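The block underneath contains the structure these notes are about, expressed in structure tokens.
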Amino acid sequence: MIDLHYVATGNNLKIAIMLEETGLEYRLVRYEMFRGDHLTPEFRRINPNCKLPAIVDRAPADGGDPFAVFESGAILTYLAEKSGRFIPEDPRGRSLCQQWLAWQIAGLGPMHGQAHHFIRYAPEGQHYAVARYRSEAERLLHVMEYRLAGADYLAGEYSIADMACFPWLGGLSLIGLTLDALPHLAAWHDRIAARPAVQAARQAIMDENRALYARAKAELTPEQWSAMFGDRMHRASRTL
Ligand SMILES: N[C@@H](CCC(=O)N[C@@H](CS)C(=O)NCC(=O)O)C(=O)O
């Protein structure tokens with residue numbers, strides 16, 4: 001049994017997709033991040049970085065104590081190794097999978113994340129930051145388009161690299177981007193969206209809370225801002 005500590009956002013959808021794809025037994029533990037549910041000493045023992053998702057594997061392969069894993073890329077890799085699925089076995093395919101997974105974690109996620117931050121959350125007037133992150137977010141979509149013009153999936157076969165990248169396409173309109181001029185990326189997106197496991201994962205975690213996190217312009221109360229970007233969030237990562 002695996003506990004998935006989650007909030008209804010794309011980073012968390014990655015893990016729900018993998019759990020549905022593998023059929024591993026899991027239990028959902030839901031958080032509301034505007035309320036600061038993740039800023040507790042209990043959750044910090046699971047993820048020292050106080051971010052979601054995180055998992056706790058209650059039946060790890062070594063038969064030992066429950067094992068916590070944080071960072072969505074590390075969680076996907078852990079689950080791929082545990083299940084023996086969705087990571088290619090041949091060395092080239094495996095390396096390709098790791099390359100695209102690293103690219104998502106180090107590039108696509110942070111750049112799109114900053115675009116969302118400056119366009120949707122920051123006070124008006126952040127022109128340089130908005131232009132910088134939106135153009136970089138768009139450039140990264142073209143990188144995927146280039147790869148997918150020559151392959152159905154990022155690592156050749158469907159893998160955790162696709163699961164990691166797929167959710168980032170769900171909020172493009174919120175940052176003023178579309179797939180209109182990216183036919184291979186759009187076709188890849190539709191192929192993945194049609195998978196029963198992906199639909200089940202969306203249904204499982206993109207619940208009514210999703211609406212909270214998918215507004216074009218988020219107006220946060222001072223308390224919500226503090227829990228997300230301000231004092232409360234910083235304090236939670238400083239104290240022992
Ligand atoms: N690099 C992390 C990113 C995790 C992350 O930023 N999660 C967001 C939700 S998508 C979060 O927990 N935000 C709460 C906060 O920043 O206070 C991963 O891939 O797991």
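Structure values in brief
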read-out: Unique residue being among the small types (Gly, Ala, Ser), in contact with a Ser or Thr (Cβ under 9 Å, 6 or more places away or on another chain) and surrounded by 14 or more Cβ atoms within 10 Å (Cβ to Cβ) when the list is Ala227, Ala214, Ala218, Ala201; value: Ala214
read-out: Matching residues in segment 166-207 - criterion: being charged (D, E, K, R) and without any contact (Cβ under 8 Å) to a residue 40 or more places away in the chain; value: Asp180, Asp190, Arg191
read-out: Count - residues of segment 196-217 that are outside any helix (DSSP H, G or I) and either farther than 20 Å from Ser173 by Cα or within 13 Å of the ligand (Cβ to nearest atom) (or both); value: 3
read-out: Check on Ala74, open to solvent by 10 Å² or more (accessible area, probe 1.4 Å), more than 9 Å from the ligand (Cβ to nearest atom), assigned by TED's automatic domain parsing to the domain that holds Glu223 and more than 20 Å from Arg202 (Cα to Cα); value: no
read-out: Options Gln104, Gln114; residue that is under 30 Å from Trp225 (Cα atoms), assigned by TED's automatic domain parsing to the domain that holds Gly156 and touching a Cys at 6+ places or on another chain (Cβ under 6 Å); value: Gln104
read-out: Check on Arg44, open to solvent by 50 Å² or more (accessible area, probe 1.4 Å) and closer than 28 Å to Pro196 by Cα; value: no
read-out: Checking Val130 against (1) out of contact with any strand residue (DSSP E or B) (no Cβ under 7 Å at 6 or more places or on another chain); (2) within 16 Å of the ligand (Cβ to nearest atom); (3) among the hydrophobic types (A, V, I, L, M, F, W, C), the condition it does not meet; value: (2)
read-out: Which listed residue, of His112, His116, His127, is open to solvent by 40 Å² or more (accessible area, probe 1.4 Å) and modelled with pLDDT of 95 or more; value: His127
read-out: Filtered residues of segment 222-240 (kept if assigned to a loop (DSSP other than H, G, I, E, B) and touching a residue at least 12 places away in the same chain (Cβ under 8 Å)); value: Phe229, Ser237
read-out: Residue match in segment 99-107 (condition: outside any helix (DSSP H, G or I) and surrounded by fewer than 18 Cβ atoms within 10 Å (Cβ to Cβ)); value: no
read-out: Selected residue (criterion: most open to solvent (accessible area, probe 1.4 Å)) from residues of segment 22-36 that are within 16 Å of the ligand (Cβ to nearest atom), in contact with a strand residue (DSSP E or B) (Cβ under 8 Å, 6 or more places away or on another chain) and not aromatic (Phe, Trp, Tyr); value: Arg30
read-out: Filter result (open to solvent by 20 Å² or more (accessible area, probe 1.4 Å) and either outside the structural domain of Phe43 (by TED's automatic domain parsing) or not in a helix (DSSP H, G or I) (or both)) within segment 1-21; value: Met1, Thr9
read-out: Those residues of segment 51-71 which are open to solvent by 80 Å² or more (accessible area, probe 1.4 Å) and under 13 Å from the mean Cα position of the chain (by Cα), in sequence order; value: Lys51, Glu71
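The values are calculated or read from the model by the stated rules, or taken from the named source; none is laboratory data. Remember, predicted model here, so these are calculated numbers, not experimental data. Cβ coordinates were reconstructed from backbone atoms using ideal geometry, including for glycine residues, and neighbour counts include every protein chain displayed. All accessible areas refer to the heavy atoms of the entire protein, side chains included, with ligands and DNA or RNA removed. Shrake-Rupley method; radii C 1.70, N 1.55, O 1.52, S 1.80 Å.
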